[in-house]
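This report concerns only the one structure given below.
The values are calculated or read from the model by the stated rules, or taken from the named source; none is laboratory data. Just so you know, these numbers come straight off a predicted model, no measurement behind them. Note that each Cβ is placed from the backbone with ideal geometry, even for glycine, and that neighbours are counted across all protein chains shown. For accessibility, only protein heavy atoms count, side chains too; no ligands or nucleic acids. Shrake-Rupley method; radii C 1.70, N 1.55, O 1.52, S 1.80 Å.
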Amino acid sequence: MAEYKGVLMYAEIGEGKLKAVSTELLGCGRKLADDLGQELYAVLVGSGVIGLAQETIAFGADRAYVVDAPLLKDYQADSYVTVMEKVVKQVMPQVLLLGQTTIGRDLAPRLAFRLGTAATTDCIELAIDLETKLMRQTKPVYGGNALAVFTCQSYPQIATVRPKAMSPLGRDDSRQGEVSTIEADLDPSAIRTKALEKVLEEVEGIKLEEAEVIVSGGRGIGGADGFKQLEELAKILKGAVGASRPPCDNGWVPDSLQIGLTGKIVAPNLYIAVAVSGASQHIAGCSGAKTIVAINKDPEANIFRQAHFGVVGDWKQVLPAFTNKVRELLAE
Ligand SMILES: Cc1cc2nc3c(=O)[nH]c(=O)nc-3n(C[C@H](O)[C@H](O)[C@H](O)COP(=O)(O)OP(=O)(O)OC[C@H]3O[C@@H](n4cnc5c(N)ncnc54)[C@H](O)[C@@H]3O)c2cc1C
């Protein structure tokens, strides 16, 4: 195992920019690499992505590897897994970090299988065990009701990290690092799928995953009209509106607003859950929020076990008063 060295992070790119999760991975990878006394590497895969390599260095990497080829324009499992397998075999890192994103969730287990190792998905904390030098990987289990810590005895230890669980370092453009290119060497006939069209999700205002404040509504809101009041509060707090599954299933709000096990996983600073019971499948999507405030008429609702602050009452009475008070305080 001595031949394995360093921490490699997969830098995810969207709309020509490093995604926020990539800078978070660079922050957490920097700490892991420092604790191991080793280097942090970034890998960028895509078409026309070399320009972003220096940015990974500004955010903490010692070296960036770039695989840049027209065939890599869109994410395809066949091409990206092949390329990443090649990069990992060349770099031989002890640790490989990816985001807990659509791409990371697809890549990590496939790579783990090809490399004969294991992947831990959805980690919210990573640390080096100073005795064994192995990475302790903490993730929520049982729908967010417990935390489990895993270690992996084989290299590379692969982990996907939940967006917003880690903090990026400040950008420092004076940081120096090396940029190396690796040839893709892809056989086009081995790529069995083709992206025919890209449909961008239309989002008015702030994206749920990026929002610092989320006002989320449950079945108790009663209909699409009720959500307008949630939108009002979200707007004042410069946040976004989310929902539990029933409002999405009932067509009161778009499916893209669903938070939970089968929806989006969010980690805002403030999560206001209005008329949400707090089922484990919902909590799985919002347990990473720094502060949870619940409004529910049932004092026994599970959401109060998760919430830091709670109001027992009918949201139709509580929310307008709450919204007015917030407006008043923010105007001061
Ligand atoms: C495999 C699987 C995956 C799932 N994935 C998800 C998921 O991703 N996300 C998700 O959310 N759910 C998911 N679910 C569904 C989940 O189990 C719950 O059914 C769902 O979260 C409940 O939504 P809710 O809290 O809005 O509704 P309910 O459980 O019906 O709760 C409504 C709440 O509103 C309160 N209320 C009613 N009227 C008022 C009022 N006037 N004022 C104040 N409070 C009021 C009630 O007291 C109650 O607590 C999944 C289920 C399964 C089986």
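Residues in the stretch 90-145 that are among the hydrophobic types (A, V, I, L, M, F, W, C), more than 19 Å from the chain's Cα centre (by Cα) and open to solvent by 40 Å² or more (accessible area, probe 1.4 Å): 92, 113, 118, 130.
All of 183, 178, 209, 204 fail the test of being free of Cβ contacts under 8 Å to residues at least 40 places away in the same chain and either at positive phi or open to solvent by 30 Å² or more (accessible area, probe 1.4 Å) (or both), apart from 204.
Out of the stretch 36-63, which residues are on the phi > 0 side of the Ramachandran plot and either outside any loop (DSSP other than H, G, I, E, B) or among the aliphatic types (A, V, I, L, M) (or both)?
From the stretch 36-63, those on the phi > 0 side of the Ramachandran plot are 37, 46, 48, 60; that's our starting set.
Matches in the stretch 36-63: 46 only.
Just so you know, in the stretch 314-332 the residues that are within 16 Å of the ligand (Cβ to nearest atom) and not hydrophobic (A, V, I, L, M, F, W, C) include one that is least open to solvent (accessible area, probe 1.4 Å), and it is 323.
Contact annotation: residue pairs with Cβ atoms under 6 Å, 6 or more positions apart or on different chains, pairing a residue in the stretch 37-56 that is in contact (Cβ under 8 Å) with a residue 24 or more places away in the chain with a partner that is among the polar types (S, T, N, Q) and surrounded by 16 or more Cβ atoms within 10 Å (Cβ to Cβ), are 42/56.
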